[in-house]
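A quick write-up on the structure given underneath.
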Amino acid sequence: MKKKPFAKKSLGQNFLIDQNYIDKIITALNPQKNETIVEIGAGRGALTKKLVERAGKVLAIEIDKDLTPVLLKEFDQQDNFFLIQQDALEINFQSLISLQSPSKQAKLVANLPYYISTAILQHLIQYRNSFTELILMLQKEVVERITAFPGNKERGYLTVLTEAYFETEKLFDVPPNAFRPVPKVTSSVMHLITRKGVGKDFDEIIFRELVSLGFRQKRKTIQNNLKNAQGELLDLFERRNGVANVLKKAQIYEKSRAETLSLDEWKSLCKYLIDE
Ligand code: SAM
């Protein structure tokens, strides 16, 4: 019998082996026969197995070609299984999903390698309108950062950005011994539901620049961070008579720290910066 390829640390290969957690993730995703599911990082197919049983169509993305024989041996007979051997960061999900899904939308599930989780999240934000909802497993600390409420010091640029596009909720932790090889860290599973119509109520580019600048030095006040604006952002602040004036109009205390601001306050700041 041919041996399974060794797990590659460089690709973040910690495979789920605990059936209990596999079932919990699938229950959270709740795949239906009329739905298309995208899975990033199919690995040895722990989640894929349940997906092909329950979903209409499964688009399994896996970068590691050494895993191709493992996945094909297991699933090639299933006519709802499609293997995409590619780096998920290079995939245009809008083209893929509009081609493969009758509804032009899909659900996504991924047990993500930790080293690319932020990059993948940003990539998924770009293609959010192709997804109705996502179930993501990430390092526990990253999930806690993304779901941190205003006032929590873990709140940062990634939190506000993700919250602007998705409703987010942490679901449960997954201990290291649920994987092989056993990772050093605990993981958490989170649920993201795409918000509809985002971008119509604020300027996305200015919003991102504003939030990024606001969080630049977390120990500084929002006012002091925003005073470092450059380029278009600086022009906008100057046109609105300076940072202090914009903060006042948006009813944000100038000595607040960025992590205390809610999504609505960031949007309001963006609005007062742009609107005449
Ligand atoms: N889903 C499987 C499971 O739960 O057991 C595997 C999870 S493992 C943590 C992450 C998987 O993502 C690995 O199989 C790895 O090869 C794959 N991967 C890593 N980087 C990737 C990328 N940029 N694009 C697609 N797959 C990637």
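The values are calculated or read from the model by the stated rules, or taken from the named source; none is laboratory data. For clarity, every value in this text was computed on a predicted model and none was experimentally measured. Ideal geometry is used to build each Cβ from the backbone, glycine not excepted, and the neighbour counts take in all protein chains shown. To get the accessible areas, we keep the full protein, side chains included, count just its heavy atoms, and leave off ligands, DNA and RNA. Shrake-Rupley method; radii C 1.70, N 1.55, O 1.52, S 1.80 Å.
Considering the stretch 186-241, the qualifying helices (runs of 4 or more DSSP H), each wholly inside and each with 1 or more residues that are in contact with a Ser or Thr (Cβ under 9 Å, 6 or more places away or on another chain), run over 222-226.
Can you find, within the stretch 1-14, the residue that is farthest from the ligand (Cβ to nearest atom) among those that are buried (at least 16 other Cβ atoms within 10 Å of the Cβ) and small (G, A, S)?
The first filter runs over the stretch 1-14 and keeps only residues buried (at least 16 other Cβ atoms within 10 Å of the Cβ), leaving 7, 11-14.
In the following step, the residues that additionally are small (G, A, S) were identified as 7, 12.
Details: A7: 8, G12: 5 Å.
Among them, the one singled out is A7.
The residues listed here are V143, V211, V198, V182; of these, the one that is closer than 30 Å to F6 by Cα and under 19 Å from the mean Cα position of the chain (by Cα) is V143.
Name the residue that is nearest to I26 (Cα to Cα), counting only residues in the stretch 109-133 that are of a type in the set (A, V, I, L, M, F, W, C) and in contact (Cβ under 8 Å) with a residue 60 or more places away in the chain.
So in the stretch 109-133, the residues of a type in the set (A, V, I, L, M, F, W, C) come out as 109-110, 112, 116, 119-121, 124-125, 131.
Going one step further and asking which of them are in contact (Cβ under 8 Å) with a residue 60 or more places away in the chain, we end up with 109-110, 112, 116, 120, 131.
Details: V109: 9, A110: 11, L112: 15, I116: 22, I120: 20, F131: 17 Å.
Ranking the candidates gives V109 first.
The lone criterion from (1) under 22 Å from the mean Cα position of the chain (by Cα); (2) assigned by TED's automatic domain parsing to the domain that holds N14; (3) surrounded by 14 or more Cβ atoms within 10 Å (Cβ to Cβ) left unmet by E167 is number (3). Which of the strands (runs of 3 or more DSSP E) contained wholly in the stretch 15-120 include at least 1 residues that are of a type in the set (S, T, Y) and more than 8 Å from the ligand (Cβ to nearest atom)? The strands (runs of 3 or more DSSP E) meeting that bar are 36-40. For the stretch 140-164, the candidate set comprises residues that are under 24 Å from I25 (Cβ atoms), assigned to a loop (DSSP other than H, G, I, E, B) and of a type outside the set (D, E); within that set, the residue that is least open to solvent (accessible area, probe 1.4 Å) is A148. Taking each residue of the stretch 5-17 that is at positive phi and looking for partners that are within 6 Å of the ligand (Cβ to nearest atom) with beta-carbon atoms closer than 7 Å, six or more apart or interchain, yields G12/P113.
Only one of the numbered conditions (1) open to solvent by less than 30 Å² (accessible area, probe 1.4 Å); (2) under 24 Å from Q139 (Cβ atoms) is violated by D173, and that is (1). Here T118 clears all of (1) open to solvent by 20 Å² or more (accessible area, probe 1.4 Å); (2) over 10 Å from the mean Cα position of the chain (by Cα) except the condition numbered (2). Residue check: M137 meets all listed conditions (1) open to solvent by less than 10 Å² (accessible area, probe 1.4 Å); (2) under 30 Å from I222 (Cβ atoms); (3) out of contact with any Gly (no Cβ under 9 Å at 6 or more places or on another chain) but one, namely (2).
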